[in-house]
Amino acid sequence: MKKILVPTDFSTQAENALKVAAQLAKKHGCELYLLHILEAPLQTVDPLSSYNDLPEAMFFMKLAHKQFEELKEKDYLKGLVVHEHVEFQEIFKGVFHVCKKNQIDLVVMGSNGASGLKEMLIGSNTEKVVRTSETPVLVIKNEHKTFQTKHFVFASDFNEESIAPFKKAMAFANLFDSKMHLLMVNTPNHFITSNDAQNRIQNFIKDIKMPNYSVNIYNDVTIETGIMNFSQSINADFIGMSTHGRRGISHFFNGSISEDLVNHAKRPVMTFKI
């Protein structure tokens, strides 16, 4: 891991994520990339012009750079290489562009979650990034004066399509020197016996070298609550999951456990694209 991207709107939630990213950057020798998104109203933009031709856009661009300069003076960023980017597009497109252009290894984002009607209709900006990002995303809810990585819960159904994201998760577990707790949640609607669950997990990891892990089958009313309750029971430091990246109508009807966790879990959540 060499490069970490932190999208920021200069809010408290975004700064909580930046503080965690700074801790990881110092520990692992990474560079930080800060990204601020300016979503210019489309009706004000002439397709033949650039944002440099728009006085309002230039004002907000200069304001963003001023805020960047103030942010880079923070004590917790001293000694780190920090780059800044401003993008004029939707946040998930901006994150994708900067990740691809700079070969980003990890995105660290802040979130206070969304609930009720807002969550149902539009979700949060963080949820949109989680759904679309090809790069692993670590979502931070609260301030972590010392970000712990000792206990990493990886929740999955342990089917074949989860092997690739699981290997990415394993790489971070090894990097962070974490114990990985493999978790399958059993629910009344999707019940399998403990023996079948154990066999599925063991078959899933049979060709993967794992120095420090546990296997866990946990019963609960829903997968989401099972993940959160199990994580609380072992005082996990963060939760890892794969995400399908569904878009449009299929995402609206099917939902996504990883995105729900981003909105509802109190612990940091790390997602890996299938």
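The values are calculated or read from the model by the stated rules, or taken from the named source; none is laboratory data. In this text, all values refer to a predicted model and were calculated from it rather than measured experimentally. Heads up, the Cβs are rebuilt from the backbone with ideal geometry, glycines too, and the neighbour counts pull from every protein chain shown. Just the protein is used for accessible areas: all its heavy atoms, side chains included, with ligands, DNA and RNA removed. Shrake-Rupley method; radii C 1.70, N 1.55, O 1.52, S 1.80 Å.
Sorting 184-193, 96-105 by average packing, meaning the other beta carbons within 10 Å per residue, from highest down gives 96-105, 184-193.
Scanning the chain for GluC sites (Glu not before Pro) that sit in a DSSP loop and have at most 15 other Cβ atoms within 10 Å, the longest stretch containing none of them is 144-274. Taking only protein heavy atoms and a 1.4 Å probe, the accessible area of the chain is 51% carbon and sulfur.
Within the listed set K145, K179, K93, the Gaussian network model of the chain (springs between alpha-carbon atoms below 10 Å) gives the highest mean-square fluctuation for K145.
Want the number for E70 to D177: 0.36 nm per residue separation, take away the alpha-carbon distance, what's left?
Numbers: separation 107, 0.36 × 107 = 38.52 nm, distance 3.34 nm.
The E70-D177 span can extend by a further 35.2 nm.
Enter the angle in degrees (range 0 to 90, nearest 10) between the Cα long axis of helix 12-28 and the first principal axis of the Cα atoms of the chain, meaning the one along which they spread out most. Orientation of helix 12-28: about 70 degrees from the principal axis. Comparing F238, F172, F154 in a Gaussian network model of the chain (Cα springs below 10 Å), the most mobile by mean-square fluctuation is F172. Heavy-atom accessible surface of the chain, averaged per residue, reaches 52 Å², computed with a 1.4 Å probe.
List, in the order given, every pair from K2/K128; K19/K78; K72/K100; K209/K273; K93/K273; K27/K150 whose Cα-Cα distance in the structure shown is over 18 Å.
Values: K2/K128 24 Å; K19/K78 12 Å; K72/K100 24 Å; K209/K273 21 Å; K93/K273 16 Å; K27/K150 14 Å.
Those over the limit are K2/K128; K72/K100; K209/K273.
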